[in-house]
Amino acid sequence: MPKILLVEDNEMNRDMLSRRLTRRGFEVLLAEDGAAGVARARSEAPALVLMDMSLPVLDGWEATRRLKADPATAGIPVIALTAHAMSEDRDRALAAGCDDYDTKPIDLERLLAKMNGLLEGNGA
């Protein structure tokens, strides 16, 4: 069962997505802000990170840059989750180091396809 870190500050989004992923067989770890997400990724070594980009304390852009700059976490795939759906937002997420990008509201099947593609490529 792959371990996924969901970094999401909105309680309703966090609860809904974590329940849906748990039902699909994932072990879901949670963090409520970018700084906690970076710390949890370092301590728990998840197979994949789902990173909201609009976070308190440390936004998802900077949290991703820190994960990708740290040799201990650089290899963990990160999928940006954001309500910002413009092409420049996608480009910005990829430039920050995200491996993929998905928009809110979440289409679970589309997100799962992206997650599975990254997990298979990462040997998880």
In the stretch 55-75, residue nearest to Arg110 (Cα to Cα) [restricted to those that are touching a residue at least 40 places away in the same chain (Cβ under 8 Å) and in contact with a helix residue (DSSP H, G or I) (Cβ under 7 Å, 6 or more places away or on another chain)]: Gly60
Failed criterion for Asp52 (all others in (1) touching an Asp or Glu at 6+ places or on another chain (Cβ under 6 Å); (2) farther than 20 Å from Leu119 by Cα hold): (2)
Subset tally (residues that are assigned to a helix (DSSP H, G or I), in contact (Cβ under 8 Å) with a residue 12 or more places away in the chain and among the basic types (Lys, Arg)) for the stretch 83-124: 2
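Rundown of residues vs (1) modelled with pLDDT of 95 or more; (2) buried (at least 16 other Cβ atoms within 10 Å of the Cβ); (3) closer than 17 Å to Arg14 by Cα, yes/no style:
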{"site": "Glu27", "(1), (2), (3)": "yes, no, yes"}
{"site": "Gly37", "(1), (2), (3)": "yes, yes, yes"}
{"site": "Val49", "(1), (2), (3)": "yes, yes, yes"}
{"site": "Lys68", "(1), (2), (3)": "yes, yes, no"}
{"site": "Asp91", "(1), (2), (3)": "no, no, no"}
Yes/no for Gly97 being at positive phi and modelled with pLDDT of 95 or more: yes
Some residue of the stretch 116-124 being of a type in the set (Gly, Ala, Ser), farther than 24 Å from Arg23 by Cβ and touching a helix residue (DSSP H, G or I) at 6+ places or on another chain (Cβ under 9 Å): no
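The values are calculated or read from the model by the stated rules, or taken from the named source; none is laboratory data. Predicted model, so just to flag it, every value in this text is computed and none were measured. Backbone-built Cβ (ideal geometry, glycine too); neighbour counts: all protein chains shown.
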